[in-house]
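To keep things clear, I will list the structure first and then write my remarks on it.
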Amino acid sequence: MTEGRQLSVNEHALVPIEAPRLARTEPSADESRWPDERMAVALQMTVEAMHEVVGFETVSIGIVRDDRIVTIAKAGTGPFIHGPVTHGLGSDLPLGPIEVLLARSEPLGAWRHGRADHAVTTDRADVSAPAPLRSRLIGPYDTLLAPIHDGQGRLRGVLSAAGGLPNGRPADNATCLKLDTYAARATRVVLAALEHEERREQIRLLESARLLVSNVAGTNSFRDAFELAAPILAAAFRLTGMRLAAFETEQVLWHGDAPDPASHDDYNTHLPLRRRAADSLWSEQAVSIIGLGQETNVRTTPERVAAIKQMLMRTGLDSLMLVPLGAADRAVGALWLYRGTGHWTDHEQRVLKDVGRDLGRLFVNAQALYAEQRLAQRMQELESYKRTLISTISHELRTPLAGILSNAEFLVNAESATDIRRSAHAMARGAARMTGLVDELLLIARLDEPSRTCETRLVGLAEVTREAVELHRPVSERADITVELSADDSVVLGRREDLMVMVTNLIGNAVKYSDPGDRVRVEIERREDTVVLEVADTGIGIEPNDLERLFGEFQRGTDAATLARPGSGLGLAIVDRIVRNHHGTVEVESARGEGSRFIVLLPAAD
Ligand code: ADP
């Protein structure tokens, strides 16, 4: 993230902020300067000829830029139609009053005659103008105006001349003809220059778009692509800021001079609306503009439009363009482009629509690549898990196997019946341990089968737990450990056999990790939609450092008191799987030397 140009990432929790005032984009140098020197010379020659040959006091040519008219050529010293004489070239005034004046004036060949008493006031108090001219666009003379229209009939400029002629209009036909020739020449040059300028602008935008595509094509991360694309787009389209939202991941990225003006609005609330708007725009291959002076393809409610306009006004912006980012038949996200000033041209709209398509495709590719990478990573994890598992299982089997082998050797040479019995018992214990381990491993494998969760029925947890307590009774009584059960008639949906294993493992551990005189308390209670099963003991407890990992395979406590008791480290891994298969959770609380408490939460079945 760089200073000034700020890029922030908000994951759906957008923090409400004070709406900032964004800087208005100043018109670029190109906008006020005439783009083509030769044409500027030709126009200057026209106005000077009219001034010197025809005798007008002041002659000027203005071209239309958005809703303003900018003076690009002038001759003479009187006040100008496009601004007082004190204004230099490039000074501009609102277009509205000039349009009114043109409508009120009388036709005169290619010209129109605007009388001084038609003087139009401007809504803008031009403080730099001399006081009498502040509110008057023309005058004190009559003015001749030649509107310059393009092929589509749009007003693109005005040639105006004032003063120097009696009654403000040509006295003879020859002068009329001469004036028509000047008007035709000015029209030709202005339209040619504007067309030339438009073509240059189109080339510039296309080049930016091409640069953008080539820059981001090699990036695999969508965020990287945005970081690369945002400054290019911002410069090419004179943006004050841009926001990108990816619908699937609800990722929001922002690039701009000031904080995102819309960051205070609740992204998630408007998400369905935004999705629909983007989908509809994408299906029609269109962009939408909401602005103070321009509105195209609006796909939202009048209330939202009003709210957006207010936000624009508050932050000193003119308009917002919504560009859908799409691939195939759906919109995957949207770009919000903010502009401080200036109309969005048709060409800009077309280029930005293509940019949306390129970014959308890139986004889908990035997502596919991400999924692929995740899969590859998962495969690697599985591979390493498999290696660890094989070596741990081999190690776990080797210990009892070594005992069986050494006792078998001992048995071959045993002489007394007592020795034979002792070795046979040891071998049976080793074999039982191996069988237990293999059984647990097979159970883990079965629990991981996806179909395991499908066969379910209503199971009374109290009845299962009572059976488990009874199962442990001989061991607990022999060890002088009391086991108490208090249970309501809670019912859960699941596999009885698995729930039995889960409860047996927890009670078995509670007994195993307790000493004579300790107590084990098992409680089952329904709390609202949840059945809570608690197995608490006053036994040896668990080291705080061990707590985190005990639900993993082959994980055992590390303290001597634990390791002195037999175990494989698979019991809690099995508990965890069974609980998860039943859409529940299991937690443990423990204090060393004070005992442990396992809490299982399962959804209650009614
Ligand atoms: P193990 O075969 O070692 O008992 P488990 O997976 O059942 O394997 O338990 C993992 C570890 O969790 C045990 O080694 C022990 O350190 C700890 N543990 C489990 N239950 C208790 C308990 N009730 N009291 C103290 N420690 C326990």
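The values are calculated or read from the model by the stated rules, or taken from the named source; none is laboratory data. Predicted model, so just to flag it, every value in this text is computed and none were measured. Heads up, the Cβs are rebuilt from the backbone with ideal geometry, glycines too, and the neighbour counts pull from every protein chain shown.
If I filter the range 513-522 for residues that are within 25 Å of Glu396 (Cβ to Cβ) and touching an Asp or Glu at 6+ places or on another chain (Cβ under 9 Å), do I get at least one hit?
yes
Applying the selection to the range 500-527, what residues are more than 24 Å from His582 (Cα to Cα) and either assigned to a strand (DSSP E or B) or away from the ligand (no atom under 12 Å from the Cβ) (or both)?
Pro516, Gly517, Arg519, Val520
Count, please, the residues in the range 465-492 that happen to be of a type in the set (Lys, Arg) and under 15 Å from Val503 (Cβ atoms).
Matching residues across the range 465-492 total 2.
Is it true that some residue in the range 434-443 is modelled with pLDDT under 95, away from the ligand (no atom under 14 Å from the Cβ), surrounded by 12 or more Cβ atoms within 10 Å (Cβ to Cβ) and over 27 Å from Lys386 (Cβ atoms)?
No, the range 434-443 contains no residue that is modelled with pLDDT under 95, away from the ligand (no atom under 14 Å from the Cβ), surrounded by 12 or more Cβ atoms within 10 Å (Cβ to Cβ) and over 27 Å from Lys386 (Cβ atoms).
Just give me the residues in the range 50-62 being part of a helix (DSSP H, G or I) and surrounded by fewer than 16 Cβ atoms within 10 Å (Cβ to Cβ), in sequence order.
Those that are part of a helix (DSSP H, G or I) and surrounded by fewer than 16 Cβ atoms within 10 Å (Cβ to Cβ): Glu52, Val53.
Residues in the range 485-493: is at least one β-branched (Val, Ile, Thr) and either closer than 24 Å to Glu594 by Cβ or in a helix (DSSP H, G or I) (or both)?
no
Go through (1) within 16 Å of the ligand (Cβ to nearest atom); (2) aliphatic (A, V, I, L, M); (3) in contact (Cβ under 8 Å) with a residue 40 or more places away in the chain one by one and return the number of the condition Ala479 breaks.
Result: Ala479 fails condition (3) only.
Condition check ((1) part of a loop (DSSP other than H, G, I, E, B); (2) hydroxyl-bearing (Ser, Thr, Tyr); (3) not assigned by TED's automatic domain parsing to the domain that holds Pro261) across all residues:
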position: Ala331; (1), (2), (3): no, no, no
position: Tyr338; (1), (2), (3): no, yes, no
position: Leu359; (1), (2), (3): no, no, no
position: Ala376; (1), (2), (3): no, no, yes
position: Leu382; (1), (2), (3): no, no, yes
position: Arg387; (1), (2), (3): no, no, yes
position: Ser391; (1), (2), (3): no, yes, yes
position: Ala402; (1), (2), (3): no, no, yes
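Using beta carbons and a limit of 9 Å, which pairs, at least six apart or on different chains, have the first residue in the range 570-582 and free of Cβ contacts under 8 Å to residues at least 12 places away in the same chain and the second one aliphatic (A, V, I, L, M) and within 13 Å of the ligand (Cβ to nearest atom)?
As it stands, the answer is Arg580/Val586, since those pairs meet every condition given.
I need the full set of residues from the range 446-469 which are surrounded by fewer than 17 Cβ atoms within 10 Å (Cβ to Cβ) and more than 17 Å from Glu523 (Cβ to Cβ), in order please.
Correct list: Arg446, Asp448, Glu449, Pro450, Ser451, Arg452, Thr453, Cys454, Glu455, Thr456, Arg457, Leu458.
Restricting to the range 158-181, give me the number of residues that are modelled with pLDDT of 85 or more, touching a strand residue (DSSP E or B) at 6+ places or on another chain (Cβ under 7 Å) and over 9 Å from Trp111 (Cβ atoms).
The qualifying residues number 2.
Identify, please: which residue in the range 384-425 is surrounded by 10 or more Cβ atoms within 10 Å (Cβ to Cβ) and acidic (Asp, Glu) and is, among those, farthest from Leu437 (Cα to Cα)?
Asp419
Confirm whether Thr435 is within 24 Å of Pro566 (Cα to Cα), outside the structural domain of Val579 (by TED's automatic domain parsing) and part of a helix (DSSP H, G or I).
Working: within 24 Å of Pro566 (Cα to Cα): yes; outside the structural domain of Val579 (by TED's automatic domain parsing): yes; part of a helix (DSSP H, G or I): yes.
For Thr435, the condition - within 24 Å of Pro566 (Cα to Cα), outside the structural domain of Val579 (by TED's automatic domain parsing) and part of a helix (DSSP H, G or I) - is met.
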